[in-house]
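Written out below as structure tokens is the structure these notes cover.
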Amino acid sequence: MSRSLRLETPAVFAPLLAPARYKGAYGGRGGCKSHFFAEKLIEDCLAEPGDSGAGMRAVCIREVQKDLAQSSKLLIESKLQHYGITEADGFKPFRDQIETPGDGLIIFKGMQEYTAESVKSLEGFKRAWWEEAQSAGAHSLSLLRPTIMRNSGAEMWFSWNPRRRTDPVDVMFRGPEKPTGSVSVSTSWRDNPWRTTELEQERLDCLRITPEQYDHIWEGGYATVLEGAYFAKHLAEAKAQGRISRVGADPLMTYRVHCDIGGTGARADAFAMWVDQFVGKEIRVLDYYEAVGQPLATHVAWLRERGYTPKNAQIWLPHDGETHDKVHDVSYASALREAQYKVTVVPNQGKGAAKQRVEAARRLFPRMWFNESTTEAGRDALGWYHEKRDEARGIGLGPDHDWSSHGADAFGLMCVSHEEPRQALKPIQYSNAGIV
């Protein structure tokens with residue numbers, strides 16, 4: 001007869017106790033995600049053989065696992081020791097695997113070791129626990145899911161600290177279309193009835209020393225700010241002060257649209273736009289748009305659909321807004337004038353322009369209010385925008401050019417174009433008829 005195991009399970013995990021094809025637990029540090037699944041795996045291995053029958057075969061997965069120190073093996077072994085489960089109960093740890101009752105087996109693998117052919121070796125496995133699943137690749141998931149889930153009674157488990165909402169595991173469990181038979185729970189340090197004073201002190205230290213990282217690390221929020229990002233601290237302060245909320249437009253004020261120019265074609269950079277209003281000393285950041293490889297007509301259509309028309313909106317472009325397209329003999333400025341918008345081209349700021357935009361943004365950030373629901377994608381870009389570094393020499397090389405830089409450049413353009421006495425910009429302005 002198999003041994004029964006009495007486990008104390010935090011209430012938050014109750015939905016994961018019943019059978020389900022896909023189970024997910026996500027959240028911040030101290031939420032017991034890994035501990036729950038390690039204990040549940042031992043429990044299922046004890047129960048699987050029954051009075052007779054084959055034992056449970058399970059695989060503990062990570063996207064990349066260079067050695068067993070990166071696996072869940074040590075945690076499972078510590079749970080066996082904690083509950084006094086030994087070889088007499090059918091569990092026998094080896095260097096790279098653990099034998100379980102009824103000739104069952106737990107193995108530990110990195111998904112990048114598998115190909116479409118080699119993954120077939122997992123046929124017949126009834127449990128797959130993917131730890132640190134925020135790193136799971138879409139290709140890896142597409143390999144593993146059909147292999148495991150073809151087995152009757154099979155389950156796939158995922159535990160992760162959310163990173164970005166576009167990560168495949170988040171799309172799978174938290175997107176609009178979830179797999180049939182899936183259930184997930186969100187957990188944090190609050191759900192841990194055994195949290196220690198040391199864990200609590202770590203949490204408070206993070207809140208005090210790196211508040212911009214706190215929500216991601218401890219509350220399970222998406223990683224909206226990268227450590228060392230230019231605006232990480234400023235975004236955290238804006239959130240703490242309630243300046244990321246529901247912000248309305250002033251109907252009597254002009255909408256200002258600040259752009260960073262991309263291009264057309266699959267390999268073009270992103271075209272980004274921030275929509276804002278300068279109301280006295282207050283900067284209301286109302287909307288954000290980004291698209292890759294689309295023609296200008298698509299961007300203009302978005303402006304009109306959102307109510308930003310030539311009657312109530314003006315557009316600011318960087319200095320290359322006057323550069324003619326290599327294929328079509330038009331510039332962004334001339335094309336937007338043709339669409340009846342008033343356009344301002346901000347002159348080239350010369351050497352160090354990117355850092356000037358960063359400093360202008362940092363200086364103006366305390367005056368900014370962000371409309372939460374419509375600027376999220378733009379704030380993600382600001383939270384990621386960071387310095388490229390030469391680690392060998394310990395020097396900064398200026399802003400890194402990646403997916404976040406286009407939104408950040410358009411944001412910086414908004415800041416350097418802010419009208420105040422200490423700035424002496426002399427932009428070139430255009431009306432529908434030409435130069436003003």
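Summary of computed values
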quantity	calculated
Count of the range 140-173 residues which are over 23 Å from V59 (Cα atoms) and either in contact (Cβ under 8 Å) with a residue 12 or more places away in the chain or touching a Cys at 6+ places or on another chain (Cβ under 9 Å) (or both)	3
Single unsatisfied condition, A20 versus (1) out of contact with any Asp or Glu (no Cβ under 7 Å at 6 or more places or on another chain); (2) of a type in the set (A, V, I, L, M, F, W, C); (3) under 29 Å from G220 (Cβ atoms)	(1)
Selection count, the range 88-126, where residues are open to solvent by less than 40 Å² (accessible area, probe 1.4 Å), in contact with a helix residue (DSSP H, G or I) (Cβ under 7 Å, 6 or more places away or on another chain) and small (G, A, S)	1
Residue satisfying condition, being open to solvent by less than 50 Å² (accessible area, probe 1.4 Å), more than 27 Å from G181 (Cβ to Cβ) and of a type in the set (A, V, I, L, M), within set I85, I76	I85
Evaluation of A116 against (1) farther than 29 Å from W189 by Cβ; (2) within 34 Å of the chain's Cα centre (by Cα); (3) part of a helix (DSSP H, G or I) (one fails), failing number	(3)
Matching entry among I106, I148, I76 (being part of a helix (DSSP H, G or I) and either more than 28 Å from the chain's Cα centre (by Cα) or among the polar types (S, T, N, Q) (or both))	I76
Subset of the range 21-46 (residues that are open to solvent by less than 10 Å² (accessible area, probe 1.4 Å) and under 12 Å from V185 (Cβ atoms))	K23, G24, A25, G27, G31, F37
Residue among A69, A58 that is out of contact with any Ser or Thr (no Cβ under 8 Å at 6 or more places or on another chain), outside any loop (DSSP other than H, G, I, E, B) and among the small types (G, A, S)	A69
Members of the range 207-257 that are under 26 Å from D167 (Cα atoms), of a type outside the set (D, E, K, R) and free of Cβ contacts under 8 Å to residues at least 24 places away in the same chain	L207, T210, Q213, Y214
Selection from the range 152-170 of residues that are over 20 Å from the mean Cα position of the chain (by Cα) and open to solvent by 40 Å² or more (accessible area, probe 1.4 Å)	S152, G153
Selection from the range 176-194 of residues that are open to solvent by 100 Å² or more (accessible area, probe 1.4 Å) and either part of a loop (DSSP other than H, G, I, E, B) or of a type in the set (S, T, N, Q) (or both)	P176, E177, K178, T180, W194
One residue from L207, L235, L199 being open to solvent by 70 Å² or more (accessible area, probe 1.4 Å), of a type outside the set (V, I, T), farther than 30 Å from H139 by Cα and not in a loop (DSSP other than H, G, I, E, B)	L207
Residue under evaluation W129, criteria (1) open to solvent by 20 Å² or more (accessible area, probe 1.4 Å); (2) within 14 Å of M156 (Cβ to Cβ); (3) in contact with a Cys (Cβ under 9 Å, 6 or more places away or on another chain), criterion not met	(1)
Within the range 246-282, considering residues that are loosely packed, with under 14 Cβ neighbours inside 10 Å and of a type in the set (K, R), the one modelled with the lowest pLDDT	R267
Residue among S34, S71 that alone is modelled with pLDDT of 95 or more and of a type in the set (S, T, Y)	S34
Residue that is most open to solvent (accessible area, probe 1.4 Å), among those in the range 321-356 that are at pLDDT 80 or above and in contact with a Phe, Trp or Tyr (Cβ under 8 Å, 6 or more places away or on another chain)	K342
Residues of the range 7-20 that turn out to be open to solvent by less than 20 Å² (accessible area, probe 1.4 Å) and under 18 Å from W189 (Cβ atoms), as a count	2
Candidate set from the range 9-55 (those that are in a loop (DSSP other than H, G, I, E, B) and of a type in the set (D, E)); member that is nearest to F125 (Cα to Cα)	E48
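The values are calculated or read from the model by the stated rules, or taken from the named source; none is laboratory data. On a predicted model such as this, the values are computed, not experimentally measured, just so you know. When we count neighbours, we look across all protein chains shown, and the Cβ atoms used for this are built from the backbone with ideal geometry, even at glycine. Surface areas here come from the heavy atoms of the whole protein model, side chains and all, with no ligands, DNA or RNA. Shrake-Rupley method; radii C 1.70, N 1.55, O 1.52, S 1.80 Å.
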